[in-house]
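One structure is given here, and the rest of the page talks about it.
Taken together, the values in this text are just the output of simple stated rules run on the coordinates, not laboratory data. Given the structure is predicted, the values throughout are model-derived calculations rather than measurements. Glycine gets a Cβ as well: all are built from the backbone with ideal geometry, and neighbour counts include every protein chain shown.
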Amino acid sequence: MARERILITVKTYPTLSRKYGETVCTAGVREDGSWVRGYPVPFRRLEEAEQYRKFDWLECDLIKSRSDPRPETRHLADIKQLNPVAHMGTDSQWRERRELLLKKATVHTRLQGLIDGAKTNALSLAVFKPATIRDFVWEEETREWDAAKLTEMRNQTNQGELFAEEAWRRTFQVIPKLPYSFSFRFADADGRESEMQVLDWEAGALFWNCLRRHGDEETALEKVRAKYLDEFSRTDLHFFLGTTQQFHFVAPNPWVIIGVFPIPHERQMDLI
C-alpha cells in the first residue's frame, strides 16, 4: 500500500456495477506526470468534505488492482481517506496545468501508438491532442438502467452490503441514466479519422441542466454541442483518453474520451 498524491483530471458519468453499485471512474496524474486510475469510487456516497473537483489534489492510500489488469488501475484502500488537500487553478496563463499535463505527462498525437500500447498492456490512460475536430454528435440510448443490475443492487442494499450507513440504505437514489451518448469525430496527426465516445460527467450534467432550463431535449442537445464543438474548438483542445476494462485487449480501438482539457491557446491568454 502506498500513499499517493494525485491531481484529479477525470470523473466519468456514473455507471452501474453489479458488484460495486453506482460507481465513477476517477483518474489523474502524479506530480511526475504518470497516470493513476481509481476504481471503483462511489462518488455520490462520499461525505461533502470528501467530494472532490477536477484539478483537486488528493492524498489517498492506493492498492494495485488484482481484478483489473490495466497497468494504471488502483483500488482505494479506504474511501473515507480521500482527502482533497489543494486545488490547481488557472493562474499565470494556466501555468501549472500546462507544466504538468502538457510537459511532464506524455501528449500523444497518433492513435495507432495508443492502440498498440493498449494491446500490449503498456498503457490505458493518456493525454491526446487531435489534429482536427470534425464534429460532435449524439446517439439515442436506452432510457433506463439495466433492470437486472438494479435488482441485484437493491438486493445488496437490503442486505447492507453496498452502504454501511443506514441513512444511505434508506435515502440513496441511483442517478438518472443518460438517454444519449455523445461522441467527437476527429482526425489525428496521421490524418486517421475516428469517432470516440465522450464519457465525461460534465457532458451529462450539462445535458440535464440544459434540459431543465429549456424544457426540450433537442434544445438541450444543441446546447451541449455548442459547448463541446463550437466553444471548445476555439481552444487548444486536448482529450484525456482511457480504455474500458472489457475491451482493453480486444477492441480494434479500445479508447474512449473520459475527459476534455479545453486549455486556452497561449496567444488567447495574451489578449485577456
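Check the straight Cα-Cα distances from Lys177 and name the aspartates and glutamates below 16 Å, setting aside those fewer than 8 residues away within the same chain.
Straight-distance partners of Lys177: Glu22, Glu139, Glu140, Glu141, Glu144, Asp146, Asp200, Glu202, Glu217.
Using the basic label-point model (7 angstrom from Cα toward the beta carbon), what is the Asp116 to Thr90 distance in nanometres?
3.7 nm
Starting from 0.36 nm per residue, how many nanometres of slack lie between Ala251 and Arg143 once their C-alpha separation is accounted for? Walk me through the numbers before you get to the answer.
Values: separation 108, 0.36 × 108 = 38.88 nm, distance 2.55 nm.
The Ala251-Arg143 span can extend by a further 36.3 nm.
Could you tell me the calculated FRET efficiency between Asn209 and Ala189, based on Cβ-Cβ distance and R0 = 30 angstrom, to the nearest 0.05?
Working: r = 34 Å, r/R0 = 1.15.
Calculated value: 0.30.
Cβ under 9 Å from Val10's Cβ, Val10 left aside: what net charge do those residues give with Lys, Arg +1 and Asp, Glu -1?
+2
Estimate the FRET efficiency between Lys103 and Glu152 by the formula 1/(1 + (r/R0)^6), using the beta-carbon distance for r and 51 Å for R0, to the nearest 0.05.
Values: r = 45 Å, r/R0 = 0.88.
Once rounded, the FRET efficiency stands at 0.70.
Run the numbers for Thr219 and Thr235: contour at 0.36 nm per residue of separation, minus the present Cα-Cα distance, in nm.
Working: separation 16, 0.36 × 16 = 5.76 nm, distance 2.36 nm.
Here the segment from Thr219 to Thr235 would lengthen by 3.4 nm.
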